[in-house]
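The values are calculated or read from the model by the stated rules, or taken from the named source; none is laboratory data. These figures come from a predicted structure and were not determined experimentally. No Cβ is skipped: glycine too gets one built from the backbone with ideal geometry, and neighbour counts run over all protein chains shown.
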Amino acid sequence: MVSHPLQNEWPDSLLAKAAKIRLIALDVDGIMSDGKLYFSATGDELKAFNILDGLGLKQLMAAGITVAVITGRKSPLTEKRMRDLGIPHLMQGREDKKVALQELVSAMGIGPEAIAYMGDDLPDLPALTFAGLGITVPNGYWLVRQHADYCTRAQGGNGAVREACDLLLGAQGKLESALAPYLGPDQEVDT
């Protein structure tokens, strides 16, 4: 039997909020990447995305949870990564992330209680506090950490998104089925 290492640390109040989530919206820099901007000698932007996060997002989408990305920057690298992952909603160049999130949820016909937002800095704070579940990372800005419902153990760009995905899947009773294809026939997940 396999059990998630954080399952005993997730309080019931957090799990109750996570159980209602139908959409997770994510920032990019500092959440899906380490928040650093890398440039080559010719000025080309480089960005690293964590492969663990990518699989977690695919598992969420397979479980029926919509994934969106809202970022203040415009980046062809971000566009390529989101396209490769099959993420249906990418909103780039959006400084007012709460307005972008409100537009998205209005189009989807869901309320704030069904939204998780994951961000790390001040431009994310209005969207994070609007959402029913606000998630941040330990390397996020202190004020954002104070207002979040949950702060991951993993740093942004280093598996934090995967941790959030596991939280949502676990709270909704979907983690076991998401992990089952990777386990042997005699193993099961203790969620």
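How many residues does the stretch 9-33 hold that are of a type in the set (Phe, Trp, Tyr) and in a helix (DSSP H, G or I)?
Number satisfying all stated conditions: 0.
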What is the one condition in (1) buried (at least 21 other Cβ atoms within 10 Å of the Cβ); (2) in a loop (DSSP other than H, G, I, E, B); (3) touching a Ser or Thr at 6+ places or on another chain (Cβ under 8 Å) that Gly140 does not satisfy?
-> (3)
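Determine whether Thr71 is within 16 Å of the chain's Cα centre (by Cα) and over 15 Å from Asp29 (Cα atoms).
Criteria not met by Thr71.
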Screening Leu77, Leu6 for residues that are assigned to a loop (DSSP other than H, G, I, E, B) and either more than 20 Å from Gly173 (Cα to Cα) or out of contact with any Gly (no Cβ under 8 Å at 6 or more places or on another chain) (or both) leaves only Leu6
Say whether the condition of being outside any helix (DSSP H, G or I), out of contact with any strand residue (DSSP E or B) (no Cβ under 7 Å at 6 or more places or on another chain) and modelled with pLDDT of 95 or more is met by at least one residue in the stretch 177-190.
-> no
Under the condition of being among the aliphatic types (A, V, I, L, M) and in a helix (DSSP H, G or I), which residue from the stretch 101-117 is farthest from the chain's Cα centre (by Cα)?
-> Ala107
So, first residue on the phi > 0 side of the Ramachandran plot and loosely packed, with under 14 Cβ neighbours inside 10 Å in the stretch 62-80, second residue part of a loop (DSSP other than H, G, I, E, B) and not aromatic (Phe, Trp, Tyr), Cβ within less than 8 Å, six or more apart or across chains; the pairs are Gly64/Arg22
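Applying the selection to the stretch 81-100, what residues are part of a loop (DSSP other than H, G, I, E, B), over 13 Å from the mean Cα position of the chain (by Cα) and crowded, with 18+ Cβ neighbours inside 10 Å?
Arg94
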Return the residue satisfying two criteria in turn: it lies in the stretch 47-61 and is crowded, with 16+ Cβ neighbours inside 10 Å and among the small types (Gly, Ala, Ser), and of such residues it is farthest from Ile115 (Cα to Cα).
-> Gly54
Within the stretch 25-46, restricting attention to residues that are surrounded by 13 or more Cβ atoms within 10 Å (Cβ to Cβ) and in contact with a strand residue (DSSP E or B) (Cβ under 7 Å, 6 or more places away or on another chain), which residue is nearest to Ser106 (Cα to Cα)?
-> Ala25
